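The values are calculated or read from the model by the stated rules, or taken from the named source; none is laboratory data. As the structure is a prediction and not an experimental result, all values here were calculated from the model. In this analysis, Cβ positions are derived from the backbone assuming ideal geometry, glycine residues included, and neighbour counts consider all displayed protein chains. With ligands, DNA and RNA removed, areas are computed over all heavy atoms of the protein, side chains included. Shrake-Rupley method; radii C 1.70, N 1.55, O 1.52, S 1.80 Å.
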Amino acid sequence: MTEFWLSDEQFSRLKPLLPNKPRGVPRVDDRRVISGIVHVLMSGGRWADAPAAYGPRKTLYNRWVRWAKAGVWRRAFEELAASGGPPAELMLDSTWAKAHRSAAGGKGGPLANAIGRSRGGRTTKLHALVDQRGRLIAFIVTAGQRGDAPVAHDLIAMSPAAKTLAADRAYDSDALRHQLLARGMRPVIPNAPYRKRLHPFDSEAYKRRNLVERAFCRLKDFRRIATRYD
């Protein structure tokens with residue numbers, strides 16, 4: 001795989017979101033290190049196999065882990081996601097990531113690391129909301145056996161309001177519909193087969209739900225998202 005390097009425009013947007021008060025020895029080139037981290041996430045290779053152009057492999061791994069624990073990556077995501085303005089539409093769904101055997105030994109055990117057992121074996125589940133352009137707006141990571149609808153309540157609560165929210169019938173519950181309506185959002189969710197009282201359903205608006213599926217496809221081009229190795 002060819003090396004990945006952040007462009008001038010990408011790094012200029014990211015730089016203000018990074019910690020600016022390093023303790024002790026000043027940090028090495030942020031652009032080089034973050035480019036190396038993205039390269040590993042895209043390629044799915046081991047940290048030890050990162051190209052030498054990115055500097056010490058241990059620096060890449062330590063920066064990735066330390067900033068994950070400190071919430072730096074999540075805060076950067078939230079700032080970038082909010083920069084596009086309030087969404088007009090939202091699409092909701094979840095996807096699984098297979099957990100490699102080497103990912104099972106994390107401190108705190110599997111549940112502390114969002115790894116559970118489902119039909120596919122050891123898996124992690126990514127619950128996500130995307131906007132009308134297919135951009136990720138909010139996400140929650142859980143163990144693979146967690147149900148979709150219960151997590152959706154938290155996901156909707158942490159996201160900006162939109163005119164509509166589209167999801168498949170796995171999310172068809174009265175509680176979820178009431179939550180959306182209370183926030184002024186119109187549910188675009190097919191009625192489950194067991195429903196006796198059917199709710200209005202906009203089949204044309206539902207066609208755009210494929211945006212969340214396409215977003216997952218783009219995310220899983222990053223091999224370390226398609227398969228968990230850590």
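Could you please give the count of residues in the stretch 158-183 that are out of contact with any helix residue (DSSP H, G or I) (no Cβ under 8 Å at 6 or more places or on another chain) and either more than 23 Å from R146 (Cα to Cα) or small (G, A, S) (or both)?
6
When R197 is evaluated against the numbered criteria (1) at pLDDT 95 or above; (2) over 15 Å from F216 (Cβ atoms), which criterion, by number, is the only one it fails?
(1)
Within the stretch 17-32, can you find the residues that are within 15 Å of V72 (Cβ to Cβ), modelled with pLDDT under 70 and either β-branched (V, I, T) or open to solvent by 100 Å² or more (accessible area, probe 1.4 Å) (or both)?
R23
Going through the stretch 132-154 one residue at a time, which ones are closer than 18 Å to A76 by Cβ and either open to solvent by 30 Å² or more (accessible area, probe 1.4 Å) or over 9 Å from the mean Cα position of the chain (by Cα) (or both)? Quick ask: steps written out before the conclusion?
We begin by selecting, within the stretch 132-154, every residue closer than 18 Å to A76 by Cβ; these are 135-141.
Result: R135, L136, F139, I140, V141.
How about the stretch 82-96: which of its residues are outside any strand (DSSP E or B) and open to solvent by 30 Å² or more (accessible area, probe 1.4 Å)?
Within the stretch 82-96, A82, S83, G84, G85, P86, A88 meet the criteria.
Against the definition (touching a residue at least 40 places away in the same chain (Cβ under 8 Å), among the basic types (K, R) and either surrounded by 15 or more Cβ atoms within 10 Å (Cβ to Cβ) or in contact with a helix residue (DSSP H, G or I) (Cβ under 8 Å, 6 or more places away or on another chain) (or both)), how does R186 come out, yes or no? Before the answer, list the steps.
Values: touching a residue at least 40 places away in the same chain (Cβ under 8 Å): no; among the basic types (K, R): yes; either surrounded by 15 or more Cβ atoms within 10 Å (Cβ to Cβ) or in contact with a helix residue (DSSP H, G or I) (Cβ under 8 Å, 6 or more places away or on another chain) (or both): yes.
No; evaluated as a whole, the condition is false for this residue.
Give me the pairs: first residue in the stretch 119-136 and within 19 Å of A205 (Cα to Cα), second residue at pLDDT below 90 and among the acidic types (D, E), beta-carbon distance under 8 Å, and six or more apart or on different chains, which are they?
Listed by first residue and then by second, the contacts come to nothing, as the list is empty.
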